[in-house]
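Input: a single structure, listed below in structure tokens.
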Amino acid sequence: DLSSMTNHDFVKSWREAMASSPAIALIEDFDAVFDGRSNLTDTMAARGVTFDCLLNCVGGVEPADGIMLCITTNNIDKLDPAIGTPDSLCRSSRPGRIDMILETGPLSQSCRREIALRILPEDYDIDSVVSAGCGEVGAQFQERCSRLALAEYWNKAPSSPKKPLPPIKEKASASVSG
């Protein structure tokens, strides 16, 4: 989880990936950590990964041959051009850091239908769910279907609470003071 890493943690993980190459390194929700070069997770108490540290690892002096770096983002406009931004053909402005950019965009109606059929009960009004999810990307539509399926489960469950029970707390152990 990039948001909880320090520079030391990131460099250590990157070196482990390089030692294990070929390897795939995945950084999810890059825009939740970096807006341009600014680390959004920095606090007064803790310093997160700096943009310079990230750049030096993924495209610095030492080649990262054998590592396929995948970065996901919900807002490509928050990527700094130094990491790579897409041109009109979805090629990166910085090959070697990000080689290719693939934008998935909203799901088609047939994809939404397929997801809904996998998650929702057979007797559910699939057509209305598929229509309501127009414009949503995969994760958004999957979340929509999961919430509907869970609500349907709790509505049909006989003599069950309507909400999940809270987790059982473990008994506190007795402490001995001296």
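Restricting attention to the stretch 116-135, does a residue exist that is among the aromatic types (Phe, Trp, Tyr), part of a loop (DSSP other than H, G, I, E, B), at pLDDT 60 or above and touching a helix residue (DSSP H, G or I) at 6+ places or on another chain (Cβ under 7 Å)? Yes, because at least one residue in the stretch 116-135 is among the aromatic types (Phe, Trp, Tyr), part of a loop (DSSP other than H, G, I, E, B), at pLDDT 60 or above and touching a helix residue (DSSP H, G or I) at 6+ places or on another chain (Cβ under 7 Å).
With respect to the stated conditions, THR41 is over 15 Å from ILE83 (Cβ atoms), of a type in the set (S, T, N, Q), surrounded by 14 or more Cβ atoms within 10 Å (Cβ to Cβ) and modelled with pLDDT under 85.
Of all the criteria given as (1) open to solvent by 40 Å² or more (accessible area, probe 1.4 Å); (2) under 27 Å from ALA32 (Cβ atoms); (3) modelled with pLDDT under 85, the one not satisfied by PRO166 is (2). Taking the stretch 22-68 as the range and being assigned to a strand (DSSP E or B) and either closer than 14 Å to PHE10 by Cα or touching a Lys or Arg at 6+ places or on another chain (Cβ under 9 Å) (or both) as the test, the residues that pass are ALA25, LEU26, ILE27, PHE34, ASP35, GLY36, ASN39. Consider the stretch 98-112. How many of its residues are more than 14 Å from ALA139 (Cα to Cα) and either touching a residue at least 60 places away in the same chain (Cβ under 8 Å) or in a helix (DSSP H, G or I) (or both)? The qualifying residues number 2.
Restricting attention to the stretch 136-160 and to residues that are open to solvent by less than 90 Å² (accessible area, probe 1.4 Å) and in a loop (DSSP other than H, G, I, E, B), the residue that is modelled with the highest pLDDT turns out to be GLU136.
Tell me, please, whether a residue that is more than 20 Å from the chain's Cα centre (by Cα) and over 17 Å from GLY96 (Cβ atoms) can be found in the stretch 18-26. Yes, the conditions are met somewhere in the stretch 18-26.
Out of the residues in the stretch 90-134 meeting the condition of being charged (D, E, K, R) and in contact with a strand residue (DSSP E or B) (Cβ under 8 Å, 6 or more places away or on another chain), tell me which one is most open to solvent (accessible area, probe 1.4 Å). Taking the candidates together, the pick is GLU103. Selection of first residues in the stretch 130-156 that are over 16 Å from THR72 (Cβ atoms) and touching a residue at least 12 places away in the same chain (Cβ under 8 Å) and of second residues that are of a type in the set (Asp, Glu) and open to solvent by less than 50 Å² (accessible area, probe 1.4 Å), restricted to Cβ pairs under 9 Å at least 6 apart or on distinct chains, gives the following pairs, ordered by first then second residue: ARG144/GLU136.
State yes or no: is VAL49 under 19 Å from ARG94 (Cβ atoms), open to solvent by less than 50 Å² (accessible area, probe 1.4 Å) and either touching a residue at least 60 places away in the same chain (Cβ under 8 Å) or touching a Gly at 6+ places or on another chain (Cβ under 8 Å) (or both)? Answer is no for this residue.
Looking only at the stretch 57-75, decide whether some residue is in contact with a Cys (Cβ under 8 Å, 6 or more places away or on another chain), of a type in the set (Gly, Ala, Ser) and under 26 Å from ALA139 (Cα atoms). No; the residues of the stretch 57-75 include none that is in contact with a Cys (Cβ under 8 Å, 6 or more places away or on another chain), of a type in the set (Gly, Ala, Ser) and under 26 Å from ALA139 (Cα atoms). Pick from ASP29, ASP52: which is modelled with pLDDT of 85 or more and within 27 Å of GLY138 (Cβ to Cβ)? Of ASP29, ASP52, the one residue that is modelled with pLDDT of 85 or more and within 27 Å of GLY138 (Cβ to Cβ) is ASP29.
The values are calculated or read from the model by the stated rules, or taken from the named source; none is laboratory data. Owing to the predicted nature of the structure, the values given are computational and were not obtained by experimental measurement. In this analysis, Cβ positions are derived from the backbone assuming ideal geometry, glycine residues included, and neighbour counts consider all displayed protein chains. What goes into the accessible areas is simple: the full protein's heavy atoms, side chains included, and nothing from ligands, DNA or RNA. Shrake-Rupley method; radii C 1.70, N 1.55, O 1.52, S 1.80 Å.
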